[in-house]
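Participant: Could you have a look at this structure, given as C-alpha cells, before my questions?
Here, each number is a calculation from the coordinates, and none is a lab measurement. If you're wondering where the values come from, they're calculated on a predicted model, not measured in any experiment. Quick reminder, even Gly has a Cβ in these numbers, built from the backbone with ideal geometry, and neighbours come from all protein chains shown.
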Amino acid sequence: MEEKRLDRRTKYTHMVLKDSLIELLKVKPISKITVKEICQKADINRSTFYSHFNDPYHLLNSIEQEILQDVEKTLANYNFKQDVSQALQMMEKIFEYIGQNDEICQVLLDEKGDIAFQKQIMMLAQRQQVITQAVNRQIDQQTAEYICLFAVNGSLGIVQHWLKNGMKKTPKEMAEMVINLTNKGLAAFW
C-alpha cells in the first residue's frame, strides 16, 4: 500500500513539474527558466525538484522522451513493409496525437523549441515510409536519405503552421497533405 501511495506521489510531482515547465516555456526560453520559478509555479520545494530532476533541461528532456515513447508506441502498430497504405493511417494518428496534446506540442514544436527533438519526432514518422518507398522504387540509400530529410523538414513546418493557426484542418486532412507531398511532391496539388 505504501509503495502505491509513493508511486502516486511521484507521478503527481512529475505531472505538476512538467505542467509548470510547459507554462513557463510559453513565455520564455528554457535558458531563462530557473528551478525556483518551476517550484513556485508547481507549489513544491526545491529539494523535491532535485530529488527527481537535476535542472530544467533534465525536466524538459524527460517530457520530450515521454512524447517520443508515445509516438514510437503509435508507430509500432504499423508495418510499412507489408502495407505501404498504412502510412496514411499512421500519419493521421500522429496528427491526432499532436491535436490531443496541442498545448505541450505547440510549445515543444515551436520554431524556438529544441530542433533536435522536433526532427527526431518527424524522423520517427517519416523515415520508415520513405525508406520503404525507396526500396520499392529502387532508389539508392543516399538519395533516400535526402528524400527523408526533405520530408521530415517539410512535415515539421506543416505541423508548426497547423498548430500555430488553430488546427483548422482535421488530422486526416493534414495526414493526406503530408503523405501526398512526401510521395508526389507539389505535383499532387497542381
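Participant: Cα-Cα over 30 Å: which of LYS11/LYS172; LYS112/LYS169; LYS26/LYS169; LYS36/LYS112? Write out the running numbers ahead of the final one.
Facilitator: Working: LYS11/LYS172 33 Å; LYS112/LYS169 23 Å; LYS26/LYS169 23 Å; LYS36/LYS112 23 Å.
Where the Cα-Cα span goes over 30 Å, the pairs concerned are LYS11/LYS172.
Participant: With +1 on each Lys and Arg Cβ and -1 on each Asp and Glu Cβ, and nothing else charged, work out how big the dipole of the chain is about its Cα centre, in Debye to the nearest 20.
Facilitator: Numbers: 24 positive and 24 negative charges, 44 e Å.
Charge dipole of the chain: 220 debye, to the nearest 20.
Participant: Test of understanding: ordering LYS172, LYS18, LYS112 by Cβ neighbours within 10 Å, fewest first, what list do you get?
Facilitator: Placing the least packed residue first, the sequence is LYS112, LYS172, LYS18.
Participant: Tell me, PHE117, PHE49 in order of fewest to most beta-carbon neighbours within 10 Å?
Facilitator: Working: PHE117 18, PHE49 22.
Lowest count first: PHE117, PHE49.
Participant: Follow-up question, since we're still on this one. Cα centroid distance between the range 7-66 and the range 146-190, in Å?
Facilitator: Going from one Cα centre to the other spans 32 Å.
Participant: Between GLN138, GLN118, GLN160, which gets the highest mean-square fluctuation from a Gaussian network model of the chain, Cα cutoff 10 Å?
Facilitator: The residue with the greatest mean-square fluctuation here is GLN138.
Participant: Further question on the same structure: Using +1 at the C-beta of Lys and Arg and -1 at the C-beta of Asp and Glu, which of THR182, LEU156, ASN101 has the Cα lying farthest in the positive direction of the dipole of the chain?
Facilitator: Towards the positive end, the residue furthest out is ASN101.
Participant: Rank ILE147, MET122, PRO29 by how far each Cα sits towards the positive end of the charge dipole of the chain (+1 on Lys, Arg Cβ; -1 on Asp, Glu Cβ) and give me just the farthest.
Facilitator: PRO29
Participant: Please label the shape of the range 10-63 as rounded, prolate or oblate, based on the square roots a ≥ b ≥ c of the eigenvalues of the alpha-carbon gyration tensor (a/c under 1.5 means rounded; beyond that, a/b larger than b/c means prolate, else oblate). It would help to have the intermediate numbers written out before the result.
Facilitator: Details: a/c = 1.44, a/b = 1.40, b/c = 1.03.
Taking the square roots of the gyration eigenvalues as a ≥ b ≥ c, the range 10-63 is rounded.
Participant: Grab the Cα-Cα distance for THR10 and TYR50, subtract it from 0.36 nm times how many residues apart they are, and report the gain in nm with one decimal.
Facilitator: Gain in length upon complete extension: 13.1 nm.
Participant: OK, next. Give the shape of the range 141-184 as rounded, prolate or oblate, defined through the alpha-carbon gyration tensor: a ≥ b ≥ c are the square roots of its eigenvalues, a/c under 1.5 means rounded, and otherwise the shape is prolate if a/b is larger than b/c and oblate if not.
Facilitator: It is oblate, given that a/c is not under 1.5 and a/b is not larger than b/c.
Participant: Another one. Please rank MET15, MET90, fewest neighbouring Cβ atoms within 10 Å first, as an exposure proxy. Spell out each step's value before the answer.
Facilitator: Details: MET15 11, MET90 20.
Fewest-to-most ranking of MET15, MET90: MET15, MET90.
Participant: Can you tell which of GLN89, GLN142, GLN69 shows the greatest fluctuation in a Gaussian network model of the chain with Cα springs below 10 Å?
Facilitator: Sorting by GNM fluctuation, first place goes to GLN142.
Participant: Given Cβ point charges of +1 (Lys, Arg) and -1 (Asp, Glu) and nothing else, what value in debye, to the nearest 20, does the dipole of the range 1-78 about its Cα centre take? Provide the component values of the computation, followed by the final result.
Facilitator: Values: 13 positive and 12 negative charges, 57 e Å.
That gives the range 1-78 a dipole magnitude of about 280 debye.
Participant: Divide by every residue of the chain the summed helix terms, -39500 (n - 2.57) for each DSSP H run of at least 4, and state the resulting mean residue ellipticity at 222 nm, rounded to the nearest 500 deg cm²/dmol. Numbers along the way, then the final one.
Facilitator: Values: 9 runs with 141 residues, N = 190.
-24500 deg cm²/dmol, from helical runs alone.
Participant: Could you order the peptides 53-61, 148-156, 29-37 from most to least packed, using the average number of other C-beta atoms within 10 Å per residue? Intermediate values should be presented prior to the final figure.
Facilitator: Numbers: 53-61: 17.0, 148-156: 19.1, 29-37: 13.2.
Packing proxy ranking, top to bottom: 148-156, 53-61, 29-37.
Participant: Taking the Cβ-Cβ separation of ASP19 and GLN89 as r and a Förster radius of 22 Å, what is the calculated FRET efficiency to the nearest 0.05?
Facilitator: Working: r = 31 Å, r/R0 = 1.41.
That gives a FRET efficiency of 0.10.
Participant: Run the simple label-point estimate for GLN40 and LYS119 please: 7 Å along Cα→C-beta, distance reported in nm.
Facilitator: 3.6 nm
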